[in-house]
Amino acid sequence: MALLNILRFPDPRLRKIAQPIDEIDDSIRQLAEDMLETMYAAPGIGLAATQVNVQKRLVVMDISEEKDQPLIFINPEIQPIGDEIEEMEEGCLSVPGFFELVKRPAHVIIRALDKEGKPFEIEDQELLAVCIQHEIDHLDGKLFVDYLSPLKRQRIRKKLEKQERLQL
Ligand code: NI
């Protein structure tokens with residue numbers, strides 16, 4: 001197991017598009033384990049491979065209170081159901097310290113492969129639905145700050161860049 005380095009906005013590597021995983025082997029399972037460990041240590045409730053500079057369509061999450069229900073999604077896809085929109089306050093391990101309201105489809109079906117390559121499906125209209133949309137955005141090079149006004153995004157960018165300099 002190993003802790004991985006989490007890229008921070010505005011790192012341009014967060015804009016890369018992740019590729020589908022064709023073969024689910026031990027290296028992918030190891031990556032998923034390392035991502036879970038990194039996510040728990042952060043601490044966070046979701047992490048996409050893009051955030052640890054791996055361009056593969058892999059997401060890990062744990063939205064349980066006890067942090068004992070790890071979820072691994074390989075090649076995840078979502079399909080919104082109905083047109084209800086939910087507004088939730090989102091944060092991100094790549095945008096530490098900032099929380100903003102984001103609107104997304106409230107009710108989705110998630111389809112993905114598990115770590116053995118078996119397809120599974122989850123329907124959700126709460127935190128899991130929002131979280132998986134946030135994480136799939138990462139795989140597509142998108143961040144929650146992209147939903148904010150340019151002014152707000154710029155302000156967050158400046159603050160994080162300043163922190164980065166102070167951490168030298
Ligand atoms: Ni995030």
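The values are calculated or read from the model by the stated rules, or taken from the named source; none is laboratory data. From a predicted model like this one, the values you see are computed outputs, not experimental measurements. Here the Cβ is made from the backbone with ideal geometry for all residues, glycine too, and neighbour counts use every protein chain on show.
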Exclusive hit being under 19 Å from Ala49 (Cβ atoms), of a type outside the set (Lys, Arg) and within 16 Å of the ligand (Cβ to nearest atom), set Asp114, Asp140: Asp140
Number of positions in the stretch 138-154 that are outside any loop (DSSP other than H, G, I, E, B) and either surrounded by 14 or more Cβ atoms within 10 Å (Cβ to Cβ) or at pLDDT below 95 (or both): 6
Some residue of the stretch 60-68 being of a type in the set (A, V, I, L, M), within 19 Å of Glu90 (Cα to Cα) and touching a strand residue (DSSP E or B) at 6+ places or on another chain (Cβ under 7 Å): yes
